[in-house]
Amino acid sequence: MKTTVTARHFDLTDALVKYIEDKIEQQKTHFVDVLEGEFVLSYESHHERQVAEVKLHVTGDLIHSEAESEDMYKSIDQLFQKIITILDKRRDKATR
């Protein structure tokens, strides 16, 4: 799976990129049908929130999800929970 990670309104650290790559590796059984993942991490200072978004290019589909919290790592964790739920539902629907 090709993965890109970009940051808006803050400097992207290697630790955040590695954290996302590690999460993908831990959950790789869920990402079998995913061709490409575009992660966008953003910091909104006026609301003190940190947002993690993803667009997953899946065979025959595009999945978008977003999560926000006061901590970027927490936002990424929430995002992955949402992604896994969506991918599992999609896989279950396809196997019926």
Selection from Gln50, Gln81, Thr95 lying farthest towards where the dipole of region 2-95 points positive, charges on Cβ: Thr95
Take the alpha-carbon centre of region 1-34, take the same for region 57-96, and report the distance between them in whole Å. 13 Å
Can you give the angle from 0 to 90° between the axis of helix 14-26 and the longest principal axis of the chain, with both taken from C-alpha atoms, to the nearest 10? 20 degrees
A correct Karplus calculation of ³J(HN,Hα) over region 54-59, with 6.51 cos²θ - 1.76 cosθ + 1.60, θ = phi - 60°, whole Hz and x for Gly and Pro, returns 8, 10, 9, 8, 10, 3
Within the chain, what percent of beta bridges assigned by DSSP are antiparallel, to the nearest 5? 75 percent
Assigning unit charges at the beta carbon (Lys, Arg +1; Asp, Glu -1) and nothing else, what dipole magnitude in debye, to the nearest 20, does the chain show about its Cα centre? 520 debye
Given the rule -39500 (n - 2.57) for each run of at least 4 DSSP H residues, summed and divided by the residues of the chain, what is its mean residue ellipticity at 222 nm, to the nearest 500 deg cm²/dmol? -13000 deg cm²/dmol
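Computed from the coordinates by the stated procedures, all read-outs in this text should not be read as laboratory data. Note that the structure is predicted; figures quoted are calculated from it, not measured. Please note: Cβ atoms are built from the backbone with ideal geometry, for glycine as well, and neighbour counts cover all protein chains shown.
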